[in-house]
Ligand code: CTP
Ligand code: MG
């Protein structure tokens, strides 16, 4: 079954602040979204990559994306929420490419620039024959406190069986469209949530914490360090 990737990149980055949406902020010498595009467009296992922009996007055209042009479709159909952007993108992608109902779609946040090729391969290997699909995720490591009144702890929550969801999240085209249509209007912040609402159980594929989502300003510095460390290792290994 072919794999297609879809990158929602129509958000405003309000928690990070600033004028420029975070997916375009400079990171390791490139706009942030460049890193996700490089990995997904560079994978020989992914047939095509679609990026979903806000219809009012004025940043995309300021950068050079020609390195990806043979694999990439740019869809200017982002919506008011992530779920809406993904759903609009899936519909537009089917007009751009011949996608079958059972083809796999990998949805990956533009704001996760540190996804490693080995993680992507692991996800594809573990889920290619799965009936439902699934996602990269990391077991919760910290002790969890439920906040109560006056900024004090109400109680400690068990972290047993708790995972932090990452992306890519990978589901079959028609089922993901159905799930997102049904979830319309609810506050679903990932694709797996919409699939779960159908009564299905996505598989958790252990990922690594380096695949962080840049949400707050301090995450930018962390992502910069992760990418610099990876570049240094690559240089060392290549002589
Ligand atoms: N996204 C999108 N369309 C939206 C909202 C979000 O395509 N209407 C995308 C973002 O561009 C990002 C991914 O979904 O790549 C994850 O969302 P998030 O980290 O929440 O990004 P923003 O919504 O941009 O940030 P914030 O919630 O802080 O405003
Ligand atoms: Mg958001």
Pair list, Cβ under 7 Å, 6 or more apart: segment 3-20 residue modelled with pLDDT of 95 or more, other residue within 6 Å of ligand 1 (Cβ to nearest atom) and in a strand (DSSP E or B): 6/52; 7/52; 8/52; 9/52; 10/52
Residue match in segment 171-185 (condition: touching a strand residue (DSSP E or B) at 6+ places or on another chain (Cβ under 6 Å), in contact (Cβ under 8 Å) with a residue 40 or more places away in the chain and part of a helix (DSSP H, G or I)): yes
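Strands (runs of 3 or more DSSP E) wholly in segment 47-163 with at least 2 residues that are surrounded by fewer than 17 Cβ atoms within 10 Å (Cβ to Cβ) and away from ligand 2 (no atom under 16 Å from the Cβ) - which ones?
Filter on segment 47-163 gives 144-147, 153-157.
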Residue match in segment 48-58 (condition: away from ligand 1 (no atom under 15 Å from the Cβ) and in contact with a strand residue (DSSP E or B) (Cβ under 7 Å, 6 or more places away or on another chain)): yes
So residue 34, is it farther than 16 Å from residue 180 by Cβ, within 16 Å of ligand 1 (Cβ to nearest atom) and under 14 Å from the mean Cα position of the chain (by Cα): yes
Identity of the residue in segment 21-46, in contact (Cβ under 8 Å) with a residue 40 or more places away in the chain and assigned to a strand (DSSP E or B), that ends up farthest from ligand 2 (Cβ to nearest atom): 46
Residue within segment 199-207 that is within 15 Å of ligand 1 (Cβ to nearest atom) and either in a loop (DSSP other than H, G, I, E, B) or over 18 Å from residue 39 (Cβ atoms) (or both) present: no
Close pairs (7 angstrom Cβ cut-off, 6 or more residues apart or separate chains): within 10 Å of residue 140 (Cα to Cα) in segment 150-161, surrounded by 10 or more Cβ atoms within 10 Å (Cβ to Cβ) anywhere: 159/140; 159/144
Filtered residues of segment 1-12 (kept if within 16 Å of ligand 2 (Cβ to nearest atom) and either within 14 Å of the chain's Cα centre (by Cα) or not in a loop (DSSP other than H, G, I, E, B) (or both)): 7, 8, 9, 10, 11
Top-ranked residue in segment 214-226 [being out of contact with any helix residue (DSSP H, G or I) (no Cβ under 7 Å at 6 or more places or on another chain) and under 18 Å from residue 30 (Cβ atoms); ranked as surrounded by the fewest Cβ atoms within 10 Å (Cβ to Cβ)]: 221
From the options 42, 18, residue that is more than 13 Å from the chain's Cα centre (by Cα) and at positive phi: 18
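The values are calculated or read from the model by the stated rules, or taken from the named source; none is laboratory data. These numbers come from a predicted model, not from an experiment. All Cβ positions, even for glycine, are placed from backbone atoms using ideal geometry, and neighbour counts span all protein chains on display.
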